[in-house]
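Q: Pasting in a structure now, in structure tokens, and then I'll have a few things to ask.
The values are calculated or read from the model by the stated rules, or taken from the named source; none is laboratory data. Only a predicted model underlies this, so the values are computations on that prediction, with no experimental measurement involved. We place every Cβ from the backbone using ideal geometry, glycine too, and count neighbours over all the protein chains shown. Calculation scope for accessible area: heavy atoms of the full protein, side chains included, ligands and nucleic acids excluded. Shrake-Rupley method; radii C 1.70, N 1.55, O 1.52, S 1.80 Å.
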Amino acid sequence: MKAIAVHPRVPNSIHLRDIPEPSIDSIPGGRGVLVEVLRVGVDGTDRDILQGLYGAPPPGDDFLVNGHENLGRVLQVGPNVSSRIRPGSLVVATVRRPGKSIYDTIGMQDMTTDAVYYERGINLLHGYLSERYVEAADFVVPLPETVASTGCLLEPFTVAEKGIRQAIEIQRRLRVWRPLRACVLGAGSIGLIATALLRLRGVEVVVYSRRPRPYRNSDLAEELGAVYVSSSDTTLPQAAAAHGPFDLMFEATGYGPMAFEAAASLGTDGVLVLASVTGGDTTTTIPADRINQGFVLGNKVMVGTVNAALADFEQGVSDMIAAEAFFPGWPAKLLTTRVAGLDAFQDLADHLLNDKSAIKVFVEVKPPA
Ligand code: BGC
Ligand code: ZN
């Protein structure tokens, strides 16, 4: 069957290849699920992989099948798969697989302390940009048909879900903490999804990003009832003075120095969530004493988050349904750029590398009937 793959660490090595059909019997204990792939989204991590900056093939292979933001339909299930997942079910498979640390053994592989981690389509495991895949039922999440057209957004939803869940978990230390005002840095897909989740939780949100409004992303933020502020005319301290204090900040710009700019503008007792996987080596000068003192005297927290646990996928399904209910048609607007089939892998690369106006590029592996 067909798959889109790269030779990891070799720039521009994207290609279509023929790979063996996956076998449901490769999963022990009768827990295999065979899935037909419908759609796969791509993101900045895939861009880094395409450019040869990130990613590793499974041991013994010199290629990596790309794609982690998957959506598919079940073709066949093993005898010991729960009835929650049946042939015909719409499903999304998680990305990270357990290693050896204690966290991995209790289903918290997103919190692994191992030096290596296993992520389908990213590191040491093949991804989902193929016609079919097989996975253990434990890593497969069912979705209702109402989100059939947007289900490939579940994985990016989980990035925001986990970040917000971490913030809430940490802030239990404050007994009565309830975020009233948040600032989301970056208006890309993760920033917009984080904004939607915070709006669903009743939080006032400022989306702080580079480009002046109005454009597609600022419109999408405003449709959620968020305030869009551009760094081209307003500094972050000015935004915090006008719209803060920020109880929660969510960094998703992909630009490392923003983490420290955000830290300097976080409110008292606030939490700053860092979600950008910055592959570069940017350096910057920061007002270290001022930030440090603000954190000490203001009891502030800065936390990094990498996705995601099964719980984040489950919560993501609920929130995708809620997002569709509260903001009808909004989630689909993130899916700006459709690539027609695995054969169009070159279009995929072109959009991912050059299309600056795209919010989410996705491959329609199998068009709806
Ligand atoms: C993916 C995550 C992954 C992270 C680090 C992100 O793009 O969405 O699943 O954990 O990259 O590799
Ligand atoms: Zn992703």
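Q: May I ask you to list the residues in the stretch 136-153 that are within 16 Å of ligand 1 (Cβ to nearest atom), over 16 Å from Glu119 (Cα atoms) and assigned to a helix (DSSP H, G or I)?
A: At the first step, the residues of the stretch 136-153 found to be within 16 Å of ligand 1 (Cβ to nearest atom) are 139-141, 151-153.
Keeping just the survivors that are over 16 Å from Glu119 (Cα atoms) gives 141, 151-153.
The answer is Gly151, Cys152, Leu153.
Q: Related question: Could you look through the stretch 113-124, keep only residues that are in a strand (DSSP E or B) and within 18 Å of the chain's Cα centre (by Cα), and pick out the one that is farthest from ligand 1 (Cβ to nearest atom)?
A: Per the stated criteria, the residue is Tyr118.
Q: Evaluate the following for Tyr103: is it surrounded by 17 or more Cβ atoms within 10 Å (Cβ to Cβ) and part of a strand (DSSP E or B)?
A: no
Q: Same structure, new question: Identify, by number, the condition in (1) closer than 26 Å to Ser230 by Cβ; (2) touching a strand residue (DSSP E or B) at 6+ places or on another chain (Cβ under 8 Å); (3) more than 15 Å from ligand 1 (Cβ to nearest atom); (4) assigned to a loop (DSSP other than H, G, I, E, B) that Asn299 doesn't meet.
A: (1)
Q: Moving on to the next point. Identify, please: which residue in the stretch 282-299 is in contact with a Gly (Cβ under 9 Å, 6 or more places away or on another chain) and open to solvent by 40 Å² or more (accessible area, probe 1.4 Å) and is, among those, farthest from ligand 2 (Cβ to nearest atom)? Steps first, please.
A: Filtering the stretch 282-299 down to residues in contact with a Gly (Cβ under 9 Å, 6 or more places away or on another chain) leaves 282-284, 298-299.
Of the ones still in play, those that are also open to solvent by 40 Å² or more (accessible area, probe 1.4 Å) are 282-284, 299.
On the way: Thr282: 21, Thr283: 26, Thr284: 26, Asn299: 33 Å.
The qualifying residue farthest from ligand 2 (Cβ to nearest atom) is Asn299.
Q: Identify, please: which residue in the stretch 268-281 is open to solvent by 10 Å² or more (accessible area, probe 1.4 Å) and at pLDDT 95 or above and is, among those, nearest to Arg178 (Cα to Cα)?
A: Restricting to residues being open to solvent by 10 Å² or more (accessible area, probe 1.4 Å) and at pLDDT 95 or above, the top hit is Asp269.
Q: While we're here: For the stretch 81-100, give me each residue that is assigned to a loop (DSSP other than H, G, I, E, B) and among the β-branched types (Val, Ile, Thr). Even if it seems obvious, please write down each step before you answer.
A: Here is the first cut: in the stretch 81-100, the ones assigned to a loop (DSSP other than H, G, I, E, B) are 81-89, 94-95, 98-100.
Correct list: Val81, Ile85, Thr94, Val95.
Q: Report every pair of residues separated by at least 6 positions or lying on different chains whose Cβ atoms are under 9 Å apart, first residue within the stretch 86-106 and within 24 Å of Gln76 (Cα to Cα) and among the charged types (D, E, K, R), second away from ligand 2 (no atom under 16 Å from the Cβ) and open to solvent by 80 Å² or more (accessible area, probe 1.4 Å).
A: As it stands, the answer is none, since no pair meets every condition given.
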